[in-house]
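Novice: The structure is given below, and queries will be raised subsequently.
Throughout, read-outs are computed from the coordinates displayed, never taken from laboratory work. Keep in mind it's a predicted model, so treat the numbers as computed, not measured. All Cβ positions, even for glycine, are placed from backbone atoms using ideal geometry, and neighbour counts span all protein chains on display.
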Amino acid sequence: MKKLVIRGIGQILTGKLEQPLADGDCLVAIDGRITAWGAEKDLDCEGATTLVDAKGVTLAPGLIDSHVHPVVGDYTPRQQQLHWIDSTLHGGVTTLISAGEVHMPGRPKDIVGLKAMAIASQRWYENFRPSGVKVHAGAPVIEHGMVEQDFQELAAAGVKLLGEVGLGTVKDGKTARQMVEWARKYGIQSTIHTGGPSIPGSGLIDADMVIETGTDVIGHINGGHSALPDDQIICLCESCKAAFEIVHNGNERAAVLALNTARELGKLDQVILGTDGPAGSGVQPLGILRMIAMLSAFGNVPAELAFCFGTGNTARQRKLDVGLIEVGYSADFVLLDQAQHSGGKTMLDSVRLGNLPGVAMTIIDGVVTSGRSRNTPPAQRLPEQIL
Ligand SMILES: [Zn+2]
């Protein structure tokens with residue numbers, strides 16, 4: 001039995017919008033699953049195989065990036081970069097979700113080829129976690145000619161995601177809707193490229209097409225890069241039950257508009273975060289933390305709620321067993337503290353003022369995966385691994 005005990009926690013962020021902060025200075029996980037948290041004196045901390053003294057810093061669920069484009073291992077051909085996933089871990093992200101492995105050079109677009117690549121991608125990330133990070137990949141981009149049986153076969157082979165609708169040849173709402181419904185029938189989640197073309201060769205997807213297609217996630221509702229006009233973003237927030245995915249690679253003003261509209265509609269539970277990394281606009285290892293700070297600062301949201309957008313909201317929308325402090329959930333955490341010499345009285349106050357927090361440690365499945373981040377500003381205090 002592997003037992004993780006984290007004691008000396010300053011505060012616990014739960015990932016739950018309805019109760020973003022939990023009482024307690026200690027958390028226990030057994031065999032990679034959360035079993036208890038609260039006051040150390042009330043918990044069974046005997047027999048720890050991994051013991052961390054948090055030294056008063058904040059414990060949050062590991063962050064989730066709802067929108068990445070991985071290719072293979074920890075390499076991306078998009079900017080010829082190695083170790084972008086390791087850098088992302090140093091930004092507090094412990095789970096990545098593929099929106100399509102579209103940066104693969106020579107990506108097959110024939111149906112048997114695209115299915116083969118999706119299945120292979122799902123496998124190679126299931127079999128290999130770069131720096132311990134969980135990568136949900138194998139997200140085929142739909143192309144004309146696919147039939148129901150293709151989605152049945154993909155699902156049976158372990159594919160659980162579609163890549164962004166619109167990045168392939170299917171550009172009309174009617175065909176896209178049919179394929180998304182087939183995907184859903186077999187338990188495959190869908191997303192769509194929302195907004196203007198991202199690079200030469202990609203196309204516009206407007207609100208009408210997003211609504212007609214009916215994907216589970218409105219991929220980059222704030223554009224990736226170019227956002228739809230304001231009235232279309234508001235219309236999407238009003239009409240859709242899908243997740244509103246806000247990405248770092250999009251338009252930041254449109255991000256705040258989407259957030260404000262979601263709040264007015266009582267739909268903050270639908271707001272989730274992604275980066276669209278590693279895009280050609282720059283690999284974005286701190287993108288999720290930057291979105292949390294930006295949305296908290298400009299979107300009038302307490303920082304503890306903004307953290308939910310990048311943790312529990314995404315977990316709930318994506319039906320993942322991470323992102324929440326909950327019994328039975330994965331023991332995936334980021335330990336954070338206020339950045340040295342940043343404004344504000346506390347870590348959360350500092351984030352509310354637009355500052356990044358310092359990542360001090362990450363833990364995945366109850367195993368310490370990184371210490372002081374090499375990418376964030378330095379945390380004021382540092383947890384210590386005692387065992
Ligand atoms: Zn896109």
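Novice: Angle, helix 287-298 long axis vs. longest principal axis of the chain, Cα atoms, 0 to 90°, nearest 10?
Specialist: 80 degrees
Novice: Hey, another quick one. In whole angstrom, note down how far apart the Cα centers of segment 62-88 and segment 217-249 are.
Specialist: Each part's Cα centre sits 23 Å from the other's.
Novice: Could you give the size of the charge dipole of the chain about its Cα centre, using +1 on the Cβ of each K and R and -1 on the Cβ of each D and E, expressed in debye and rounded to the nearest 20?
Specialist: Using Cβ point charges on Lys, Arg, Asp and Glu, the chain gives about 480 debye.
Novice: What relative contact order, as a whole-number percentage, does segment 145-260 give when Cα pairs under 8 Å and 6 or more residues apart are counted?
Specialist: 22 percent
Novice: What length, rounded to one decimal in nm, is gained on full extension from ILE111 through to ASN300, with 0.36 nm per residue of separation minus their alpha-carbon distance? Before the final figure, lay out each step's value.
Specialist: Working: separation 189, 0.36 × 189 = 68.04 nm, distance 4.58 nm.
Gain on stretching ILE111 to ASN300: 63.5 nm.
Novice: For segment 340-385 and segment 1-15, compute the distance between their C-alpha centroids and round to whole Å.
Specialist: Measuring centre to centre over Cα atoms gives 15 Å.
Novice: Report the label-to-label distance for ASP230 and GLN80 in nanometres (one decimal), using points 7 Å from each Cα along the Cα→Cβ vector.
Specialist: Roughly 4.3 nm, to one decimal.
Novice: In degrees, nearest 10, range 0 to 90: what is the angle between the Cα axis of helix 230-239 and the longest Cα principal axis of the chain?
Specialist: 80 degrees
Novice: Can you sort PHE128, PHE244, PHE307, PHE298 by how many other beta carbons sit within 10 Å, fewest first?
Specialist: Fewest-to-most ranking of PHE128, PHE244, PHE307, PHE298: PHE128, PHE298, PHE244, PHE307.
Novice: Once amide H atoms are built 1.01 Å from N in the peptide plane, which residues 5 or more positions from GLY219, or in another chain, come under 5 Å H to H?
Specialist: ILE192, THR194
Novice: Under a Cβ-Cβ cut-off of 12 Å, what is the net charge of the residues other than ASP337 that fall near it, where Lys and Arg count +1 and Asp and Glu count -1?
Specialist: Neighbourhood net charge equals +3.
Novice: Additional query: Quick one: net charge around ALA116, please, counting Lys, Arg +1 and Asp, Glu -1 for every other residue with C-beta under 14 Å from its C-beta.
Specialist: -1
Novice: Taking every eigenvalue of the Cα gyration tensor of the chain, multiplying by 5 and rooting it, what semi-axes result, largest first, whole Å?
Specialist: Working: eigenvalues 234, 105, 66 Å².
Working through the eigenvalues yields semi-axes of 34, 23, 18 Å.
Novice: Between ASP208 and ASN127, what is the spin-label point distance in nm, taking each point 7 Å from the Cα along the Cα→C-beta axis?
Specialist: Going by the 7 Å Cα→Cβ label model, 4.6 nm.
Novice: Could you please rank ASP74, ASP53, placing first whichever residue has the fewest other Cβ atoms within 10 Å of its Cβ? Working shown, then result.
Specialist: Details: ASP74 21, ASP53 16.
Ascending number of Cβ neighbours within 10 Å: ASP53, ASP74.
Novice: Could you work out how far helix 173-185 tilts from the main Cα principal axis of the chain, as a 0 to 90 degree angle to the nearest 10?
Specialist: For helix 173-185, the angle is close to 50 degrees.
Novice: Continuing with this model, one more query. Considering only LEU353, SER121, THR376, whose Cα is most displaced toward the positive end of the charge dipole of the chain, charges sitting on Cβ of Lys, Arg (+1) and Asp, Glu (-1)?
Specialist: The residue sitting farthest along the positive end of the dipole is THR376.
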